[in-house]
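Enquirer: Before anything else, here's the structure in question.
The values are calculated or read from the model by the stated rules, or taken from the named source; none is laboratory data. The shown structure was predicted, so the numbers you read here are calculated from the model rather than taken from an experiment. Cβ coordinates were reconstructed from backbone atoms using ideal geometry, including for glycine residues, and neighbour counts include every protein chain displayed. We work out accessible area using only protein heavy atoms, side chains counted, and drop any ligands, DNA or RNA first. Shrake-Rupley method; radii C 1.70, N 1.55, O 1.52, S 1.80 Å.
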Amino acid sequence: MKIFIKLVSICFLGLMIYGHAVAGPLIIRLSENATVVGPNISIGEISDLIGTGNGNLERVRRLVVGKAAPAGDTARITQQYIKICLRREGFSLLDFDFEGSDSSKVLTQSQDFYSSKLLPEIKKFVLKQIKEEPANVDIKLAGQDKKITMPSGEIKTNFRPTFSGKYEGQVLLTAELEVNDRLERVLPLRVNIEVFHPVVVTTKRVEKGDKLTPENVALLRTPTSKILPGSLSQLNYATGRTASVPLVPGTVLRISDIFDPPAIVHGSIVQAIVRRGNVELMVEARAIEDGKAGENIRVENTSSHKVLRGKVLDEKTVLIEQN
């Protein structure tokens, strides 16, 4: 029985040693100089933590190791005192490796930071994600401007991509705020993002049978959320045509709103607008069949000879929308 107990103890000790070796120790790299807001000093504010620490990373990061000095003054935290605080909290020092300075000079100094200051960085991040022109995107914070107290120093921001990949409408972004290259705050932000594209819009009331002219229609920047399939993106698609239905001011004009447009004849050369998301490409194509505006016809790319199906916009243009 004693031999059995001894074997179990040896196996248990071996598993503990193996688990420690696999997980690896949490490295605490103490900075020579650090800045805090106060009133307390935590390990994460004065050290870089490397590793997972067997799931104890956040607990160690938030562990208080002293009181901050009065504003403008400094306190000194030694590596030895950090070890005392860890043991006091029940940690084993075998789970840690210590690097960096033997002590840290900790200055208590803060700065006020407002979430509205992030708007230029937010726009730069969103433009990179959706690959739009800056003039086509408007971004505003949803809700009140947040005042945040941060340690003094240079603030840098990183944004996490959204889980949905959506960057239009009201979007939740996560900003990581670093001060002097150390992560200080993770800030959730709700922003309203509107993407605009130019489309033909009525500027006056138009009755059924009225001619569409520059006096009653115009090319205006419009949120893509209000742009429906078949909307006209060039003014010459509409001017000179006849309205097929009454149109109130502010109506985004669609091909179905135009009465008796000219037909494309089988064999004629047309311009095919290939639209995929926010990207448009113009190619030359040959009509394989006749069609009136609003109808779908087959066209053949004159370069690749690929046959595509698109909607007739006018006598020279076909719109091919791809998912």
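Enquirer: Determine how large the accessible area of D181 is when every protein chain is in place; take a 1.4 Å probe and give Å² rounded to the nearest 10.
Expert: Number for this one is 110 Å².
Enquirer: Cα extents of the chain along the three principal axes, largest first, in whole Å?
Expert: So the extents along the principal axes, rounded to whole Å, are 95, 58, 33.
Enquirer: Carbon-plus-sulfur fraction of the accessible area of the chain, 1.4 Å probe, in percent?
Expert: In the chain, the share of accessible area belonging to carbon and sulfur is 54 percent.
Enquirer: Looking only at the chain, where both bridge partners belong to it, what percent of the DSSP beta bridges are antiparallel (to the nearest 5)?
Expert: 85 percent
Enquirer: How do R286, R59 stack up against each other in accessible area, from largest to smallest, with a 1.4 angstrom probe?
Expert: Most to least solvent-accessible, the answer reads R59, R286.
Enquirer: Treat each spin label as a single point 7 Å out from the Cα along the C-beta direction, and report the D73 to E295 distance in nm.
Expert: Distance between label points: 8.8 nm.
Enquirer: Please report the antiparallel percentage of DSSP beta bridges with both residues in the stretch 21-119, rounded to the nearest 5.
Expert: 55 percent
Enquirer: T108: net charge of surrounding residues, Cβ under 10 Å, Lys/Arg +1, Asp/Glu -1, itself excluded?
Expert: Taking every Cβ under 10 Å from that of T108, the sum is 0.
Enquirer: To continue, here is another question. Among the complete DSSP H segments of the chain, which ones combine at least 18 Å of alpha-carbon extent along their axis with a mean Kyte-Doolittle hydropathy of 0.5 or more?
Expert: Helices meeting the span and hydropathy rule in the chain are 2-23.
Enquirer: Additional query: For n ≥ 4 DSSP H runs only, could you compute -39500 (n - 2.57) per run for the chain, divide by its residues and tell me the 222 nm figure to the nearest 500?
Expert: -5000 deg cm²/dmol
Enquirer: In nanometres, what is the gap between the two model label sites at K146 and D97, each 7 Å from Cα along Cα-to-Cβ?
Expert: 3.5 nm
Enquirer: Going by the alpha-carbon gyration tensor, a ≥ b ≥ c the square roots of its eigenvalues, is the stretch 137-263 rounded (a/c under 1.5) or, if a/c is not under 1.5, prolate (a/b greater than b/c) versus oblate?
Expert: prolate
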